[in-house]
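So the structure is just underneath, and the comments pick up after that.
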Amino acid sequence: MSAFKERVFSGVQPTGSLHLGNYLGAIKRFVELQSRMDCIYCVVDLHALTIATPPDELRDGIRGVTAGFLAAGLDPKRSIIFNQSQVHEHAELAWIFSCVARVGWLNRMTQFKEKAGKDRENASAGLYTYPVLMAADILAYKATHVPVGEDQKQHLELTRDIAQKFNADYSASIRARGGADAFFPLTEPLIGGPAARVMSLRDGSKKMSKSDPSDYSRINLTDDIDMIAQKIKKAKTDPHPLPGSAKELATRPEAENLVGIFAALCDTTPDQVLEKHGGAQFSQFKSALVDVAVEKLGALRAEMVRLSNAQDHIDAVLADGARRARAIAHPIIAEVKEIVGLVSAK
Ligand code: AQP
């Protein structure tokens with residue numbers, strides 16, 4: 001049995017508008033977890049600074065993601081909901097971790113390569129060290145479980161590497177304090193289900209993403225019914241009818257994506273979707289998918305719109321969450337400082 005108390009942590013960047021990939025791959029699963037575990041959900045606004053964002057857009061984005069959390073069903077009484085920059089322990093631990101992580105580890109991060117593109121020399125240093133801050137976000141709470149989409153798997157592995165190296169480098173200091181051998185847990189990623197990687201509606205080989213220049217590549221959680229219907233109807237497909245089993249989707253990325261989205265929205269499996277829709281032409285299947293998407297996302301969108309006029313409420317939720325988050329992170333970081341040999345006022 002692990003010596004660590006089970007605790008969930010995850011974050012979402014306030015860049016651009018939330019989309020179906022963020023919802024099915026992450027936020028919907030946050031909601032499922034809050035009834036069985038202690039959960040901390042963070043709007044990771046410091047991460048958003050890694051790519052230049054106009055200040056007003058960033059402020060709106062922070063409140064917009066918070067509204068998305070609440071509209072999706074996160075309960076601020078049960079879960080801790082806050083924005084990262086209100087808890088300075090994240091940035092403090094990130095610095096200590098940047099002295100634990102190796103440059104060679106960061107050089108292997110594929111997300112940096114994808115986001116920096118060809119102009120790597122001109123990317124911000126923050127974009128390069130982003131996964132170190134992410135490790136600090138998680139370990140500032142000694143979180144044991146992190147629900148994320150598949151794109152974050154490599155960053156979670158780096159978090160485990162940092163925890164392991166910290167535990168090993170400072171093992172004598174950790175033991176001298178009379179605690180367990182390991183100070184940080186080796187956090188488990190919670191990745192899975194039919195929507196662990198929702199793909200672009202325009203190209204089944206690319207993940208659905210906020211930064212895709214084509215708005216038709218994604219369904220935004222703020223899209224209205226007509227827009228959702230239009231985007232699904234225009235989604236790229238192939239000329240064949242749907243097969244009878246999920247195994248037969250392996251070479252058909254666009255079909256696999258739409259079936260996966262259907263399954264995730266209905267809390268079922270791709271095989272069960274195909275039991276009902278196998279043999280259907282895409283025009284028929286897309287109509288059924290529009291009905292499901294509108295039914296499942298309509299109420300969420302309406303609540304997001306309502307909350308967009310409730311800025312004081314959103315800010316109060318974030319302030320209360322930050323206070324509760326700090327109460328957990330502060331003693332952990334104070335102990336880290338002692339372990340590494342920093343002197344603090346008593
Ligand atoms: N397409 C996706 N399918 C499944 N899960 C996804 N996530 C993101 N895209 C998909 C998951 O959503 C959570 C929050 O993501 P984020 O905003 O923190 O970071 P991101 O991966 O950078 O999101 P985007 O939309 O792809 O933004 P850009 O375009 O800026 O790169 C994470 O758990 C992520 O796995």
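The values are calculated or read from the model by the stated rules, or taken from the named source; none is laboratory data. The structure displayed is predicted, hence computed values, not measured ones. Here the Cβ is made from the backbone with ideal geometry for all residues, glycine too, and neighbour counts use every protein chain on show. Areas reflect the complete protein model, heavy atoms only, side chains present, ligands, DNA and RNA absent. Shrake-Rupley method; radii C 1.70, N 1.55, O 1.52, S 1.80 Å.
Quick rundown of the values:
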read-out	value
Only one of Phe183, Phe166 that is more than 24 Å from Ala246 (Cβ to Cβ) and not in a loop (DSSP other than H, G, I, E, B)	Phe166
Selection status of Asp238, in contact (Cβ under 8 Å) with a residue 12 or more places away in the chain and under 24 Å from the mean Cα position of the chain (by Cα)	no
Some residue of the stretch 133-152 being away from the ligand (no atom under 16 Å from the Cβ) and surrounded by fewer than 18 Cβ atoms within 10 Å (Cβ to Cβ)	no
Spans of helices (runs of 4 or more DSSP H) in the stretch 251-346 with at least 1 residues open to solvent by 30 Å² or more (accessible area, probe 1.4 Å) and of a type in the set (Val, Ile, Thr)	282-307, 311-340
All positions within the stretch 182-203 that are open to solvent by less than 20 Å² (accessible area, probe 1.4 Å) and modelled with pLDDT of 95 or more	Phe183, Phe184, Pro185, Thr187, Val198, Ser200, Leu201
Residue satisfying condition, being touching a Gly at 6+ places or on another chain (Cβ under 9 Å) and charged (D, E, K, R), within set Glu114, Glu150, Glu92	Glu150
Residue match in the stretch 26-40 (condition: out of contact with any helix residue (DSSP H, G or I) (no Cβ under 7 Å at 6 or more places or on another chain), more than 16 Å from the ligand (Cβ to nearest atom) and in contact (Cβ under 8 Å) with a residue 60 or more places away in the chain)	yes
Selection status of Lys118, over 15 Å from Leu158 (Cα atoms) and assigned to a helix (DSSP H, G or I)	no
Residue within the stretch 324-342 that is touching a residue at least 24 places away in the same chain (Cβ under 8 Å) and within 25 Å of Leu249 (Cα to Cα) present	no
Residue within the stretch 207-219 that is away from the ligand (no atom under 16 Å from the Cβ), open to solvent by 40 Å² or more (accessible area, probe 1.4 Å) and of a type in the set (Lys, Arg) present	no
Test: Ala71 is in contact (Cβ under 8 Å) with a residue 12 or more places away in the chain, surrounded by fewer than 21 Cβ atoms within 10 Å (Cβ to Cβ) and of a type in the set (Gly, Ala, Ser)	no
Any pair with Cβ under 9 angstrom, 6 or more apart, that starts in the stretch 53-66 at a residue that is without any contact (Cβ under 8 Å) to a residue 60 or more places away in the chain and ends at one that is open to solvent by 90 Å² or more (accessible area, probe 1.4 Å)	Leu58/Leu49
Matching residues in the stretch 214-226 - criterion: being hydroxyl-bearing (Ser, Thr, Tyr), in a loop (DSSP other than H, G, I, E, B) and either within 29 Å of Phe9 (Cα to Cα) or in contact (Cβ under 8 Å) with a residue 60 or more places away in the chain (or both)	Thr222
Complete set of residues in the stretch 175-198 that are over 15 Å from the mean Cα position of the chain (by Cα) and within 12 Å of the ligand (Cβ to nearest atom)	Pro194
Residue in the stretch 199-213 that is part of a helix (DSSP H, G or I) and in contact (Cβ under 8 Å) with a residue 12 or more places away in the chain present	no
